[in-house]
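No value in this document is a laboratory result; all are computed from the given coordinates. None of these values were measured; they are calculated from a predicted model. Note: ideal-geometry Cβ built from the backbone for every residue, glycine included; neighbour counts use all protein chains shown.
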Amino acid sequence: MTAADFRRIALSLEGAEEGSHMGAADFRVGGRIFATLASQDQGYGNLMLTPDQQAEFVLELPEVFLPIPGGWGKMGATHVRLGQANEDLLAGALRTAWRIRIEKNTRTKKKSVPRRG
């Protein structure tokens, strides 16, 4: 797979939009990032997963998925080796990151709704 494939699949997800963060393409739903191409020069796409989901992906396919080094990786940010992924695998991984972001967006909206007294 390539960065172009990553972009195509990410943008096929409902409500997904491309933006830019620190000069790199990112993919958002509800205005929040679920994936980026910040590491495409190294052959990676990046997914914003939960730490538990990241651990499952890395355990199952360590040749494809690895934590991003440092604090972001500890929070679930995960590299996907584009050259090692196939269409179904990449689509499933992007769909997982997208779904996690939608769930977080929903929880955040519920918390921010003022209560009526």
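Which one is right for this structure if semi-axes √(5λ) of the Cα gyration tensor in Å is calculated from it: (i) 25, 16, 13; (ii) 21, 16, 13; (iii) 21, 20, 11? Computed from the coordinates, semi-axes √(5λ) of the Cα gyration tensor in Å corresponds to (i). Rounded to the nearest 5, the antiparallel percentage of DSSP beta bridges internal to the chain is 100%. Counted by neighbouring Cβ atoms within 10 Å, the residues Val29, Val80 run from fewest to most as Val29, Val80.
The mean sequence distance of close C-alpha pairs (under 8 Å, at least 6 residues apart), as a share of the length of the chain, puts its relative contact order at 26 percent.
The residues neighbouring Arg32, those whose beta-carbon lies less than 9 Å from its own, together hold a net charge of +3 under the Lys/Arg +1, Asp/Glu -1 convention.
Each residue in Asp5, Asp88, Asp26 was given a count of other beta-carbon atoms within 10 angstrom of its own, and listing them fewest first yields Asp88, Asp5, Asp26.
Once the C-beta distance of Asp5 and Arg107 is scaled by a Förster radius of 25 Å, the resulting FRET efficiency is 0.25 to the nearest 0.05. Rounded to the nearest 20, the size of the Cβ-charge dipole of the chain about its Cα centre is 1000 debye, with Lys and Arg at +1 and Asp and Glu at -1. Each label was represented as a point 7 Å from its Cα along the Cα-to-Cβ direction; for Glu63 and Asp41 these points are 2.8 nm apart. In order along region 80-97, phi translates into HN-Hα couplings of 10, 6, 4, x, 9, 8, 10, 4, 5, 5, 5, 4, x, 5, 5, 4, 5, 4 Hz, rounded to whole numbers, per the Karplus curve 6.51 cos²θ - 1.76 cosθ + 1.60 with θ = phi - 60° and x for Gly and Pro.
Using only Cα atoms and rounding to the nearest 10 degrees, what angle (0 to 90) does helix 3-12 make with the longest principal axis of the chain? With both axes taken from Cα atoms, the answer is about 30 degrees.
Per-residue ellipticity at 222 nm computed for the chain from its helices equals -13500 deg cm²/dmol, with DSSP H segments shorter than 4 residues left out and the rest contributing -39,500 (n - 2.57).
FRET efficiency for the pair Ala24 and Lys74, taken as 1/(1 + (r/R0)^6) with r the Cβ-Cβ distance and R0 = 22 Å, rounds to 0.60.
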